[in-house]
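Beneath this line is the structure, given in structure tokens, with notes to follow.
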Amino acid sequence: MSQSLSSRYSALPSLTVLPFVRRLPQRARIHCWQVPPIQDYGEACEMGREYAAHLLRLLHDCPQHAGNGLLGLIASDIDYADASAAKGFWVGFFDCLEQAMLLASDLVDGFVLAAMLNARRPAAKPPRRRGPRRRSTPSDS
């Protein structure tokens, strides 16, 4: 199975190859957390772990996707207020990623990695604001 996944991601490096990423007509950018309706929390956790495995495989096969804020996009698109069984998707997803990070921590010192990344990257720019800026007035104080 991993062989077919690997060739799938190598041939299609677009993020929409991930099973939880979709292009929606009403959005300018991709939506990074589209999950199906589900009634079983445990099943959602299992699927969330599989989603994490897809992400890990994509990053392995297409490393150009790493370091571009993808995990932040995914996290920002999750509806954390949804208390339904669908919560299991993100619980399983992050659980699997935490386990992968634990395994990677045996291979890489996180502080050394952070220092290497800091040394080769310019300072991050603050996010751009959308919409008109609200100027403060003396009455705001």
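So L15 ticks every box in (1) surrounded by 14 or more Cβ atoms within 10 Å (Cβ to Cβ); (2) at pLDDT 90 or above but one. Which box is left unticked?
Exception for L15: condition (2).
Of all residues being in a helix (DSSP H, G or I) and over 25 Å from A52 (Cβ atoms) in the range 101-131, which is modelled with the lowest pLDDT? Just the residue, please. Quick ask: steps written out before the conclusion?
In the first step, residues of the range 101-131 are kept if they are in a helix (DSSP H, G or I); the result is 101-105, 110-120.
Checking which are over 25 Å from A52 (Cβ atoms) leaves us with 115, 118-120.
Working: A115: 92, N118: 88, A119: 89, R120: 82.
Selected residue: R120.
Please pick out the residue among A81, A44 that is at pLDDT 95 or above, part of a loop (DSSP other than H, G, I, E, B) and either surrounded by 13 or more Cβ atoms within 10 Å (Cβ to Cβ) or over 14 Å from the mean Cα position of the chain (by Cα) (or both).
A81
Out of (1) assigned to a helix (DSSP H, G or I); (2) out of contact with any Asp or Glu (no Cβ under 9 Å at 6 or more places or on another chain), what's the single condition that is false for R49?
Result: R49 passes all but (2).
Failed condition for R8, given (1) touching a helix residue (DSSP H, G or I) at 6+ places or on another chain (Cβ under 7 Å); (2) at pLDDT below 90; (3) within 30 Å of M116 (Cβ to Cβ), with all others met?
Condition (3) is where R8 drops out.
So which of G92, G72 ends up being surrounded by 14 or more Cβ atoms within 10 Å (Cβ to Cβ) and of a type outside the set (A, V, I, L, M)?
G92
The values are calculated or read from the model by the stated rules, or taken from the named source; none is laboratory data. No experiment lies behind these values; they were computed from the predicted model shown. As a convention, Cβ positions derive from the backbone with ideal geometry for all residues, glycine included, and neighbour counts pool all protein chains shown.
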